[in-house]
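Notes follow the structure.
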Amino acid sequence: MTTDILAGVRARIVAALDAAHPGLPPEVRARVDVSVARDPAHGELATNAAMVSAKAAGRKPADLAAALVAGLAGDALIALAAPAGPGFVNLTLHPAVWRAQLPTILRAGEAYGDNAAGQGVRVNVEYVSANPTGPMTVAHARGAVTGDALANLLAKSGFAVTKEFYINDAGNQVQALAWAAYWRYLEALGTTLTEDAFAAAVPGGLQYRGAYLVDVGAALARARGDTLAGPGLTVADPASWLDEVRDFTMAEMLASIHADLDQLGVHQDVFSSERALLASGEVERTIARLADKQLVYRGTLEPPKGKLPDDWEPREQTLFRSTAFGDDVDRPLKKSDGSNTYFANDIGYHAAKAARGAALLIDVWGADHGGYVKRMQAAVNALGDARLEVVLCQIVHVLKGGQPVRMSKRAGTYVTLADLLDEVGRDAVRFTMLTRKSDAQMEFDLDAAVSQTRENPVFYVQYAHARCRSVLRAAAARLDGADLADVGLDSLVHETELALMRRLASWPRTVEAAALAREPHRIAFFLYDLAGDFHTLWNRGRDDAALRFLRDDDLAGTLASVALVAATAVVIRSGLAVMGVDPVEEMR
């Protein structure tokens, strides 16, 4: 695990606070924070210690801040402490503190930022989990990238992570998909039926008409010839083909999903099948557990105000007492035909994940599932095996030439993940999807995603790494085998150098905070700011020879500067690894 300078400074502040006012409650001390100041002219760091402690101490925040400043005088790390505003204290550290972090970074490599915040807690992160009834879409892409980066972030923060995809391969939508694939199969054989005539024979109508099933139908025709068709290439008795076509179609669609995820760089550990879950009896066992806790009963729900939800029926039903765990109303577990509701099946699925050892379950869902969160958390809380958190991902609007991109030729109504990857590439998709908090809507500008400007964050960050690597290649001959982790660093005194070192030193705190907040977008923001600090130093070197990385007349200064460059490259790679984005060696 790597040293967190801010954590070290916080420990000293808490000690000074205890000396200034002994006996503060632990919950007050826990609220003490140290953060990097926005404007280093007023101090590099700031702490809220006096502000959050004043009430419990029975003292004015300004008075307690003054006592803290006095207690920090002469500290070996802190060069200057000064009260600021209503109870804050600004801090400036000795430059040697920031310089001392460079050897730590270089020795740790990309493991820099690893921390033990997760304490080995086993966490299951379930994401994507698209119904395998159509191609992966841009909306799926955002959930996939968010879930994957979050899982990487949690692993870096000491959680034991399992990445999971839940296959919704049961229910009426899968039957409907089989009928749609069967139509494409007949079409591939050359049937004289029209699509409308075929649709008239389909229970519930032909629901899936996208061209993405053309290849599935053709593959089925190659595999089975006309053996599944009726006389004259008409519709045969569904009992003779429905199960086989369903299984064949599911396999083809899942292969397509796997291919898209692989191209996106998403590789999950577990793929769970809803159909297998139902066959295992897990749902019935889980509902029985809830019944044993007196949480299942027969009753009639009052009609909700406004639009009626799909699962409300004006009859006596089998209900889960979810209001006992914070939900708005109790929830049905059985449909009118006696089959399970989706909610009942999902309870069984979450119980199964917990039974595999996960103490924390994190589901990444589309924002349209926001109304489902309370009931699912209520069920998981009722079972008592694990805790459930839900990360919601808002919709993505794709733009090109400033105009919305509304459809795919193969999908018909939406932009597919494959289209997006073909247009801009994996790195641009992954990085761009993380430039907004997941619950905020975003616009994905295809033109911006391939531009080579500061406005394109993935280019800006990769360009910083490429510049670092170019310096290291150019410096190779001068290093003459020197270990950069052991070179003298006293020449690194300029404010732009210190600003870059401060940013590098804040990486461990950024990782831990982002992991605990479940906000992987913070990594993208950090990397963009880090790239900005590095580009600023690079540009200053054009005008000030003393800030150039390679100086013929100053070997010691060159080695120190190259160590700073190498550490910057390490942290960029560490951050890009969390995001699943490749660092580049040079820009072409």
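The values are calculated or read from the model by the stated rules, or taken from the named source; none is laboratory data. Keep in mind the model is a prediction, meaning the values are calculated, not measured. Cβ coordinates were reconstructed from backbone atoms using ideal geometry, including for glycine residues, and neighbour counts include every protein chain displayed.
When the residues of the range 196-237 are filtered to those that are within 19 Å of Asn172 (Cβ to Cβ) and of a type in the set (Phe, Trp, Tyr), the one that is modelled with the highest pLDDT is Phe198. Just one of (1) buried (at least 16 other Cβ atoms within 10 Å of the Cβ); (2) in a loop (DSSP other than H, G, I, E, B); (3) modelled with pLDDT under 95 fails for Leu489. It is (3).
So which of Leu420, Leu361 is farther than 30 Å from Gln119 by Cα, among the aliphatic types (A, V, I, L, M) and outside the structural domain of Leu213 (by TED's automatic domain parsing)?
Leu420
If the condition is being touching a residue at least 60 places away in the same chain (Cβ under 8 Å) and either touching a Leu at 6+ places or on another chain (Cβ under 6 Å) or outside any helix (DSSP H, G or I) (or both), then the range 535-553 contributes Phe549, Leu550. Ala211 falls short on exactly one of the conditions (1) among the aliphatic types (A, V, I, L, M); (2) touching a Gly at 6+ places or on another chain (Cβ under 8 Å); (3) crowded, with 18+ Cβ neighbours inside 10 Å, and that condition is (3).
When Ala515, Ala428 are screened for being under 18 Å from the mean Cα position of the chain (by Cα), buried (at least 23 other Cβ atoms within 10 Å of the Cβ) and closer than 22 Å to Val390 by Cβ, only Ala515 passes.
State all residues of the range 219-247 that are of a type in the set (Phe, Trp, Tyr) and assigned to a helix (DSSP H, G or I); if no residue qualifies, say none.
Hits for the range 219-247: nothing passes.
Here's a check for you: in the range 386-400, which residue that is buried (at least 17 other Cβ atoms within 10 Å of the Cβ) and not small (Gly, Ala, Ser) is nearest to Val415 (Cα to Cα)? Only one residue tops the list, namely Val398. As a summary of the residue check, Leu383 satisfies the conditions (1) within 26 Å of Asp292 (Cβ to Cβ); (2) in contact (Cβ under 8 Å) with a residue 60 or more places away in the chain; (3) in contact with a Phe, Trp or Tyr (Cβ under 6 Å, 6 or more places away or on another chain) except for the one numbered (3). Evaluate the range 204-218: report whether one residue or more is out of contact with any helix residue (DSSP H, G or I) (no Cβ under 9 Å at 6 or more places or on another chain) and in a loop (DSSP other than H, G, I, E, B). Within the range 204-218, not a single residue is out of contact with any helix residue (DSSP H, G or I) (no Cβ under 9 Å at 6 or more places or on another chain) and in a loop (DSSP other than H, G, I, E, B). Residues in the range 89-126 that are surrounded by fewer than 20 Cβ atoms within 10 Å (Cβ to Cβ), more than 15 Å from Ala515 (Cβ to Cβ) and in contact with a Pro (Cβ under 9 Å, 6 or more places away or on another chain): Thr92 alone. Condition (residue is in a strand (DSSP E or B), modelled with pLDDT under 95, over 19 Å from the mean Cα position of the chain (by Cα) and more than 18 Å from Gly366 (Cβ to Cβ)) applied to the range 404-418: is it met by at least one residue? Yes, the range 404-418 has at least one match. State the number of residues belonging to the range 225-254 that are in contact with an Asp or Glu (Cβ under 8 Å, 6 or more places away or on another chain) and under 20 Å from Gly190 (Cα atoms). Residues that pass the stated criteria total 3. Please determine whether any residue of the range 189-199 is part of a helix (DSSP H, G or I) and in contact (Cβ under 8 Å) with a residue 40 or more places away in the chain. Yes. Taking the criterion of being surrounded by fewer than 23 Cβ atoms within 10 Å (Cβ to Cβ) and free of Cβ contacts under 8 Å to residues at least 40 places away in the same chain, the only residue of the range 130-160 that qualifies is Ala155. In the range 362-372, is there at least one residue being farther than 22 Å from Val458 by Cα and in contact with a Phe, Trp or Tyr (Cβ under 6 Å, 6 or more places away or on another chain)? Yes, the range 362-372 contains a residue that is farther than 22 Å from Val458 by Cα and in contact with a Phe, Trp or Tyr (Cβ under 6 Å, 6 or more places away or on another chain).
Among the criteria (1) touching a residue at least 40 places away in the same chain (Cβ under 8 Å); (2) surrounded by fewer than 21 Cβ atoms within 10 Å (Cβ to Cβ); (3) not charged (D, E, K, R), the one Val32 does not fulfil is (1). In the range 35-57, the residue that is nearest to the chain's Cα centre (by Cα) out of those that are without any contact (Cβ under 8 Å) to a residue 12 or more places away in the chain and under 30 Å from Ile105 (Cα atoms) is Arg38. Would you confirm, using the coordinates I've provided, whether Gly481 is surrounded by fewer than 18 Cβ atoms within 10 Å (Cβ to Cβ), in contact (Cβ under 8 Å) with a residue 24 or more places away in the chain and over 19 Å from Ile572 (Cα atoms)? Considered against the rule, which asks whether it is surrounded by fewer than 18 Cβ atoms within 10 Å (Cβ to Cβ), in contact (Cβ under 8 Å) with a residue 24 or more places away in the chain and over 19 Å from Ile572 (Cα atoms), Gly481 comes out as no. Annotation: of all residues in the range 1-29 being in a helix (DSSP H, G or I), touching a helix residue (DSSP H, G or I) at 6+ places or on another chain (Cβ under 6 Å) and not β-branched (Val, Ile, Thr), the one that is surrounded by the most Cβ atoms within 10 Å (Cβ to Cβ) is Leu17. Considering (1) buried (at least 17 other Cβ atoms within 10 Å of the Cβ); (2) touching a Lys or Arg at 6+ places or on another chain (Cβ under 7 Å), the lone condition that Phe444 does not fulfil carries the number (2).
Looking at the range 333-358, which of its residues are modelled with pLDDT of 95 or more and closer than 18 Å to Arg298 by Cβ? Correct list: Leu333, Phe343, Ala344, Ile347.
Does at least one position in the range 88-101 carry a residue that is over 22 Å from Ala358 (Cα atoms), among the aliphatic types (A, V, I, L, M) and assigned to a helix (DSSP H, G or I)? Yes: one or more hits.
Only one entry of Ala15, Ala30 meets the criterion of being touching a Gly at 6+ places or on another chain (Cβ under 9 Å) and over 25 Å from Tyr112 (Cβ atoms), and that entry is Ala15.
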